[in-house]
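Have a look at the structure below, then the notes.
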Amino acid sequence: SRAQGCRRVLTARPPRASLPGKAKLFLGKPCQGGLAGGIEICITFPTEYVKTQLQLDEKANPPRYKGIGDCVKQTVRDHGVRGLYRGLSSLLYGSIPKAAVRFGTFEFLSNRMRDEQGRLDSTRGFICGLGAGMAEAVAVVCPMETVKVKFIHDQSSPNPKYRGFFHGVREIVREQGLKGTYQGLTATVLKQGSNQAIRFFVMTSLRNWYKGDNPNKAINPFITGVFGAIAGAASVFGNTPLDVVKTRMQGLEAHKYKNTWDCAYQIMKHEGPLAFYKGTVPRLGRVCLDVAIVFIIYDEVVKLLDKVWKTD
């Protein structure tokens, strides 16, 4: 009857409201990137600490550490196990905004560069990754890395002066102004740009190869992790020289260098070409695990959001 029909209309459950794709993108990228970054950093930060110390260790001093094991041994002896986590807070505080900028920029650029079938080839993936890396370098990574390197370098000095993250930031800004948190900007932009360009290029190439002619073919988390580790390794071997220069430019003795290019020249002149690959082994361990975790969690959270929130 007409009355029954009206009751059915009034009592029917309203359809679930759907979030537009842009809203899901805005919420998803910081969420998945921040979660992945926080987990990854806590697991792998000791390798980042050792890498940074080895890169700061100059032949001319002479070098303080004989190698990776000696660096770990001296740090634990002088500062305990907690010493291997010096500077961790600066990376933790920056992980969410860094991931938001990186994946948000990559999605923004890639959505405009895909073909009619929605595919992104490896060359365009490289360009999108380059843009994402440069954006995150300027917005987040440079100040975050500068603070981290200064903390780690400060610990190796006879009388450390930074008591914690906020005290260290306050002292750096008081002594050097905001400019003090942007040391090595050119090197950081070059490093992050090439980092993400290589990673997204390799990741896009591997994904396209795996999917073949079926763009909707699912990739399980293990395969994603393997692809991520390969992409991370490629970026390490491709841009560690830039990472060494960036670290020197952000250290407590950065005043010795006129600019990024002078820093690279002095390293080559006084320490030779092998110095540009200092810290490669610990960085390789950290980055491979880092990129694998980030891409696994990224993909899994995207799948979760697709189930929870309908998109237009």
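Within the range 75-92, being under 25 Å from ILE198 (Cα atoms) and open to solvent by 30 Å² or more (accessible area, probe 1.4 Å) holds for one residue alone: LEU92. Residues that are open to solvent by less than 60 Å² (accessible area, probe 1.4 Å), part of a helix (DSSP H, G or I) and closer than 22 Å to ILE43 by Cβ do not occur anywhere in the range 122-135. Any residue in the range 281-304 that is farther than 27 Å from PHE106 by Cα and either at pLDDT below 90 or open to solvent by less than 30 Å² (accessible area, probe 1.4 Å) (or both)? Among the residues of the range 281-304, at least one is farther than 27 Å from PHE106 by Cα and either at pLDDT below 90 or open to solvent by less than 30 Å² (accessible area, probe 1.4 Å) (or both), which makes the answer yes.
For GLN266, the conditions (1) farther than 19 Å from LEU120 by Cα; (2) touching a residue at least 12 places away in the same chain (Cβ under 8 Å) all hold with the exception of (2). Each residue in the range 177-209 was checked for being surrounded by fewer than 14 Cβ atoms within 10 Å (Cβ to Cβ) and either of a type in the set (A, V, I, L, M) or part of a helix (DSSP H, G or I) (or both), and 3 pass. Only one of the numbered conditions (1) touching a Lys or Arg at 6+ places or on another chain (Cβ under 9 Å); (2) over 25 Å from ILE297 (Cβ atoms) is violated by TYR182, and that is (1).
Restricting the range 210-239 to residues that are among the aliphatic types (A, V, I, L, M) and in a loop (DSSP other than H, G, I, E, B), the residue that is surrounded by the most Cβ atoms within 10 Å (Cβ to Cβ) is ILE219.
The values are calculated or read from the model by the stated rules, or taken from the named source; none is laboratory data. Computed from a predicted model, the values in this text were never measured in an experiment. Don't worry about glycine lacking a Cβ; one is built from the backbone with ideal geometry, like all the others, and counts go over all protein chains shown. Heavy atoms of the whole protein, side chains included, go into the accessibility calculation; ligands, DNA and RNA do not. Shrake-Rupley method; radii C 1.70, N 1.55, O 1.52, S 1.80 Å.
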